[in-house]
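Please read the structure below before turning to the comments.
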Amino acid sequence: MKYDVVVVGGRIGGSSASIFASRNGAEVLMIEKNQEIGTPVQCAEATSSRTFKTLEIEPSPQYIRSEIKGADIYAPDGTHGHLEGGYAEGYILERKVFDKQLAIEAAKAGTEIMVKTRVKNLLKKDGQVCGVVAKHMGRSIEIKADVVIAADGVESKVAQMAGLNTNQTPKTLGSCAQYEMVGLKTDPHYLKFYFGQKIAPKGYAWIFPKGDNVANVGVGIRSNTETAYYYLKKFTSSMDATPVELNVGGVPVSGPVEKTYTDGLMIVGDAAGQVEPFTGGGVHITAHCGRVAGEVAAKAVEREDYSGNFLKKYEKQWKNEIGKDLKESLKYRKILDKLSDEEINILAQFLKKQDLKSISKMSMLGFVKEYPQFLKLLKDIL
Ligand SMILES: Cc1cc2nc3c(=O)[nH]c(=O)nc-3n(C[C@H](O)[C@H](O)[C@H](O)COP(=O)(O)OP(=O)(O)OC[C@H]3O[C@@H](n4cnc5c(N)ncnc54)[C@H](O)[C@@H]3O)c2cc1C
């Protein structure tokens, strides 16, 4: 078997890369280890309109559970801030449907897909990746490819087989646990975020509504004393609602891996650490980077140049387009790590009184005079 491009992983990263490699003329095979694309879900399912623009698809009622108009944010003492529109706008997806629909889009663009097929190894020639060894229904298959795209998620093994360092540790990962709950009376158009060391150490808890009193309720933490599941149980213990699904998973929240390409291979999405470190949001970034990787792969095929020297165009482009946002987001995550509950409360009370778009120098000066420990932090934020 021989393809121009083999994509490993069949969710957002894999499908977006496949769609754009296929549309640009490459012969593509996408390989997914699970029997069905889109399950099990490991996501709170929030995304912004950027995802649809990037993928050139319409936000369809087929996979949109709720349209989000804003967000409510709670400090540990209950101080509450409300955001309307702007960055807080977006959608709650039904990812089981969305991910499969993206794979259908890839197939329509010409991608062949193998499910229940696990990539076990890479083929290499003179140090250059030139295909994969996969296992399907107990049978081992060699599949040659000019370019391999590793979109195999946070536990990626494929990039490591190519010699790239994508290793995540408990320190670099956020640990998440989430219920999809039924019976929760919450506004279907607003996200809720809860901060505090007792609720979600070095992270936050969320309620993302899916309409009809159904919501994703979860916690993401960075702590090794108790598990995310422990905090989830605690957070939901007083809710008059019942779970119909439990998801647990890790999110790479420490910025992208050092190098996202090598001879014959590119890495995309969670496998490359392409996630906003502060929010843990990876859907729109993965779609973006998947698209860039797919387009660069197709160009490499056209030029018959699969070297790392050519594929580095991928890294250059995604860094140019979203690298700065990821760096900023990491800065905010590091700030949050350092704040005590009391400091979060003080900051929330200050921000609540301000018009966030135009915090005046005078009000900042007054605040810092009263609480000098925030001087560096406010300098960083503003
Ligand atoms: C609990 C939780 C909540 C989240 N909530 C949000 C949110 O609300 N909004 C948001 O934007 N982001 C969220 N994220 C992050 C987001 O889900 C990910 O960033 C995004 O799904 C990454 O997509 P991906 O395609 O890179 O990887 P994945 O979705 O992990 O897909 C990788 C695929 O590769 C397959 N695979 C792995 N190894 C192999 C192999 N050897 N052979 C074949 N196939 C293989 C896997 O089966 C899987 O289907 C959340 C993450 C978690 C854990």
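The values are calculated or read from the model by the stated rules, or taken from the named source; none is laboratory data. This is a predicted model, so every value here is computed, not measured. Glycine gets a Cβ as well: all are built from the backbone with ideal geometry, and neighbour counts include every protein chain shown. All accessible areas refer to the heavy atoms of the entire protein, side chains included, with ligands and DNA or RNA removed. Shrake-Rupley method; radii C 1.70, N 1.55, O 1.52, S 1.80 Å.
Here are the numbers:
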read-out: Of residues in the range 185-219 being open to solvent by 20 Å² or more (accessible area, probe 1.4 Å), in contact with a strand residue (DSSP E or B) (Cβ under 7 Å, 6 or more places away or on another chain) and part of a loop (DSSP other than H, G, I, E, B), the one farthest from the ligand (Cβ to nearest atom); value: ASN213
read-out: Subset of the range 110-126 that is aliphatic (A, V, I, L, M) and open to solvent by 40 Å² or more (accessible area, probe 1.4 Å) - its residue that is farthest from the ligand (Cβ to nearest atom); value: ILE113
read-out: Residue list for the range 254-272, filter: among the β-branched types (Val, Ile, Thr), open to solvent by 10 Å² or more (accessible area, probe 1.4 Å) and not in a loop (DSSP other than H, G, I, E, B); value: THR262
read-out: Strands (runs of 3 or more DSSP E) contained entirely in the range 78-164, each with at least 1 residues that are over 20 Å from the mean Cα position of the chain (by Cα); value: 80-84, 112-114, 117-125, 128-136, 139-150
read-out: Flag if ILE73 is within 16 Å of the ligand (Cβ to nearest atom), among the β-branched types (Val, Ile, Thr) and closer than 21 Å to ALA287 by Cβ; value: no
read-out: Filtered residues of the range 1-56 (kept if more than 19 Å from MET266 (Cβ to Cβ), assigned to a helix (DSSP H, G or I) and either in contact with a strand residue (DSSP E or B) (Cβ under 7 Å, 6 or more places away or on another chain) or open to solvent by less than 60 Å² (accessible area, probe 1.4 Å) (or both)); value: SER49, THR51, PHE52
read-out: Among the residues listed as VAL296, VAL275, VAL251, VAL292, the single one being open to solvent by less than 30 Å² (accessible area, probe 1.4 Å), modelled with pLDDT of 95 or more and part of a loop (DSSP other than H, G, I, E, B); value: VAL275
read-out: Residue ID - least open to solvent (accessible area, probe 1.4 Å), chosen from residues in the range 75-109 that are aromatic (Phe, Trp, Tyr) and modelled with pLDDT of 95 or more; value: PHE98
read-out: Matching entry among LEU375, LEU347, LEU336, LEU351 (being in a helix (DSSP H, G or I) and more than 20 Å from ILE73 (Cβ to Cβ)); value: LEU375
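Residue-by-condition table, conditions (1) aliphatic (A, V, I, L, M); (2) over 21 Å from TYR74 (Cβ atoms); (3) over 21 Å from the mean Cα position of the chain (by Cα):
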{"position": "PRO209", "(1), (2), (3)": "no, no, no"}
{"position": "VAL217", "(1), (2), (3)": "yes, no, no"}
{"position": "GLU226", "(1), (2), (3)": "no, no, yes"}
{"position": "SER238", "(1), (2), (3)": "no, no, yes"}
{"position": "LEU246", "(1), (2), (3)": "yes, yes, no"}
{"position": "VAL257", "(1), (2), (3)": "yes, yes, no"}
